[in-house]
Each structure stands twice: as structure tokens, then as C-alpha cells.
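Working notes, structure below.
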Amino acid sequence: MAKLYYRYGAMGSSKTANAIMVRHNYLERGQKVLMLKPRLDNRDGETIIASRCGLQCECHFIEDIDRFSLRDYDCVIVDEAQFLTKQQVERLVRVVDVENVPVIAYGLRCDFQGNLFEGSQWLLAWADTIEEVKTICWCGKKAVCNARVVNGRVVKEGEQIVLGGSESYVSLCRRHWTEGTLKPEA
């Protein structure tokens with residue numbers, strides 16, 4: 001029986017690396033994987049998914065999912081799933097429930113203001129299995145918040161979606177995100 005999995009974590013928790021490793025495990029066993037991401041995520045190139053640690057692979061866009069005969073795949077993996085729309089999450093639910101193909105989605109839970117993304121909201125609501133991919137704050141506590149950093153300071157106003165990596169975001173524990181503290185005071 002296929003399931004919809006949502007694996008979420010703060011920035012830098014190795015979600016993309018995990019997705020690429022899961023893909024590798026399927027391929028190593030001779031199984032077919034459809035790797036997807038939202039079209040708006042073009043940081044690493046049009047059809048590339050890349051992790052901070054250097055792993056990367058080819059992918060397609062979630063917007064093109066209906067171009068594929070999904071029953072030909074043993075698994076569908078979606079990276080940056082927080083950027084999905086409600087309708088795209090509904091489509092993934094149908095992949096699982098109607099076409100009996102497991103879907104593993106990776107993404108953030110909340111934005112830099114602590115609000116759910118649309119894709120995350122519906123994945124949290126409808127996923128069969130929800131798993132946290134953990135990382136730590138500079139203080140050693142579990143990081144659960146994504147802080148947007150501009151000119152060396154945590155900001156909490158602006159557009160919800162601003163693509164970026166380590167140069168623009170840092171994972172913090174809730175206390176340090178609330179305080180806006182990026183490192184220990186000297």
C-alpha cells in the first residue's frame with residue numbers, strides 16, 4: 001500500500017541530500033524514480049536538484065507531472081515541497097491513493113516569519129507519515145525556525161518567498177529566532 005510521506009526540516013537539515021540519497025537507493029535496486037521540484041526553484045539550474053553538501057541529480061517539474069505515466073514509477077520524490085499549491089498536493093494524494101505509487105515530499109514547515117507555506121500546510125494535513133529532519137542552532141539546541149538574514153541581521157518582514165541559501169537564511173532554535181540572535185555575544 002503506497003503512502004504519502006512528508007519529511008520537513010529547517011534550512012540546512014539535509015532534506016535535499018536525503019531526497020537524493022533515497023533516489024539513489026531506489027535506482028541501486030533497479031527501480032524507477034520520478035524526481036520533481038517546483039518550477040520556481042531555479043537556484044541550481046532548470047532541471048537540477050542540488051544539496052549544500054554537493055550531491056545533485058536531474059529532475060522534472062511538479063507542474064509537468066501529468067506528462068508522465070506515473071504507474072511506470074516505483075516512487076515519486078518531490079523536493080522544495082513547501083512551494084507546492086494545494087492543488088499540487090491534492091495531485092500527489094491521487095498518485096498515492098489512485099495510482100498506488102509512494103510519494104516522498106521534502107520541504108520546510110514554516111517561512112522566516114514562522115508561518116506555514118501553502119504546500120507544507122496541506123502536506124501536514126494529508127500526509128500518511130510526517131517525519132522531521134533535524135538540525136541544530138548555533139547554541140546546540142534543535143533548530144526549528146528559518147531566519148532570513150539581511151546585512152547580518154534577522155529580518156521578519158518581506159515577501160514570503162525569496163529564494164536563497166546559506167547567504168540568506170540560517171536555522172535557529174525558537175529562542176534565538178525570537179531574539180534575532182545569530183551567534184553568541186562576544
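Here are the numbers for the structure shown:
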read-out	value
Distance between the stretch 1-46 and the stretch 78-124 - C-alpha centres, whole angstrom	12 Å
Net charge contributed by nearby residues that have their C-beta within less than 12 Å of ALA2 (K/R +1, D/E -1)	-1
Label assignment, Cα extents along the principal axes in Å derived from the structure, set [x] 57, 31, 27; [y] 51, 39, 29; [z] 37, 36, 36	[x]
Rounded to the nearest 20 debye, dipole of the chain from Cβ charges on Lys, Arg, Asp, Glu	620 debye
Estimated FRET transfer efficiency when R0 is 35 angstrom, pair ILE161-LYS32 (beta carbons, to 0.05)	0.65
Mean accessible surface per residue for the chain, computed with a 1.4 Å probe while every protein chain stays in place, in Å²	53 Å²
Selection of chymotrypsin sites (Phe, Trp or Tyr not before Pro), the stretch 125-186, meeting DSSP coil and at most 16 other Cβ within 10 Å	TRP138
Entries in LYS3/LYS141; LYS37/LYS183; LYS156/LYS183; LYS3/LYS156; LYS3/LYS142 that, when Cα-Cα distance is taken, lie over 24 Å	LYS3/LYS141; LYS37/LYS183; LYS3/LYS156; LYS3/LYS142
Portion, in percent, of the accessible area of the chain that falls on carbon or sulfur, probe 1.4 Å	46 percent
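The values are calculated or read from the model by the stated rules, or taken from the named source; none is laboratory data. In this text, all values refer to a predicted model and were calculated from it rather than measured experimentally. For neighbour counting, all protein chains shown are included, and Cβ atoms are generated from backbone atoms with ideal geometry for every residue, glycine included. These accessible areas exclude ligands, DNA and RNA; they are computed on the full protein's heavy atoms, side chains included. Shrake-Rupley method; radii C 1.70, N 1.55, O 1.52, S 1.80 Å.
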